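What follows draws every value from the coordinates through simple rules; no lab data is involved. Because the structure is a prediction, the values reported are computed rather than measured. Virtual Cβ from ideal backbone geometry, glycine too; neighbours counted across all protein chains shown.
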Amino acid sequence: MSDSKTMKAITVYGPKDARMETVPIPEATGDMIVAKVMRTGVCATDLSIYSGDSSFIRSGEIKYPVRFGHEWAGVVTAVGPEVKDFKPGDRVYADNFVSCGKCPACLAKDYMKCPHNRSVGTVNTWDGCFAEYMQMPERHVYHLPDELSMDEGALIEPASIAYDAFRGVSLGKGDTAVVFGTGAIGMVSAWLAKYYGAGQVILVGRNDSKLDVAKQIGADQVINGRKEDAVKKVFELTGGHGANLVVETSGSGSALKDSISVCRRYARISVVSFYEHDLDGLPIDPLVLGCLSMVGAAGRYGNATAVCEIMKNNPVKLTPVFSHHIPFEKALDVFEHEDRYRDQKIKIIITFDE
């Protein structure tokens, strides 16, 4: 930091134009909490905002300049006079959106229905966490349990998105869950499927080293889609029956088509990805004929605390998904030279001075 009132933060001014700048540290006014960021995760959405490929850039829902980043954990440094349950020194994580706190929905604590919601670092942007400090209202901040590391705290946000894929789903020993994608959300989805009791968890990806990580955190079987027909292999592994639950996390149009193809009758497909472009040729007739359910899963209020409890209590830890730790002063390299990280990255964590 330059002095006690400024900090370093990364802002994207346009496609492939990200700059680390000195900006004012946000203030702890009213019900606001200011926290020193300790860990920040890099998301595929962050990469698409940097590259300009995000569909939300094209739609105008994200406007440059934008301070991006939405996965973080840190330590409280200051609290506003209206803050009741936090103090400097508390370890915290937060929601990925900020409600207005004043409308009828907010007063009823139904924050997801707030018409003025702003997403952290993305749509209708609340300043994001590629910065040394974050400001958040108390209603969207939570205590990070002592049992969890700062790395795990930064993983809670993507884990809360994966958690949404399992809402309303019941899994048992006779059930098979298939996950497409070896990013962090795909890994967490496999981990959750096993936690929730699926008899068989199959993860489909294209990189053997990442598939090996999936085996460490809950996948019973892995399929390299570059080497074999994933649909055929799923039916082989399920005795010809197919999957009860499919979680598509890869953002690949072909994977979404395969998600429909691997289902047994009455299965559920949870789509936990953005595709950046409209998809042609999606096979709808098999979806109708199979009485399949396809739902979008993008997180909601309450998911973060729910998945935090699972992370705290599940003896299977998610630490193998942390593929890189990059100091904040070198964070721009992750975006400017993404190709250097692509083959091995699962979850890149940006680290800050402690």
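Just a few scattered comments:
- Computed over the alpha-carbon atoms, region 1-113 gives an Rg to Rh ratio of 1.00, Rh here being the Kirkwood radius from the mean inverse distance.
- Note on region 124-170 and region 210-271: Cα centroid distance 27 Å, given to the nearest whole angstrom.
- Placing one equal scatterer on every Cα of region 236-281 and applying the Debye formula, the log10 ratio I(q)/I(0) at q = 0.13, 0.16, 0.31 Å⁻¹ is -0.30, -0.44, -1.14.
- Estimated FRET transfer efficiency (R58, R340; beta-carbon r; R0 22 Å; 0.05): 0.25
- Between D285 and R265, the simple spin-label model (points 7 angstrom out along Cα→Cβ) gives 1.9 nm.
- Förster radius 35 Å - calculated FRET efficiency between D353 and A306 (Cβ-Cβ, nearest 0.05): 0.65
- Cα Rg over Rh - region 173-219, Kirkwood: 0.94
- Highest-first arrangement of 167-173, 258-264, where packing means the average Cβ count within 10 Å: 258-264, 167-173
- Averaged over residues, the count of other Cβ atoms within 10 Å places the peptides 326-338, 118-130, 272-284 in the sequence 118-130, 326-338, 272-284, highest first.
- Calculated FRET efficiency for the pair A298/E147, C-beta based, R₀ 30 Å, to 0.05: 0.65
- Spread of Cα-to-Cα distances over 10 Å intervals beginning at zero, given as percent, for region 166-296: 14, 50, 33, 3
- With both residues required to sit in the chain, DSSP beta bridges show an antiparallel share near 55%.
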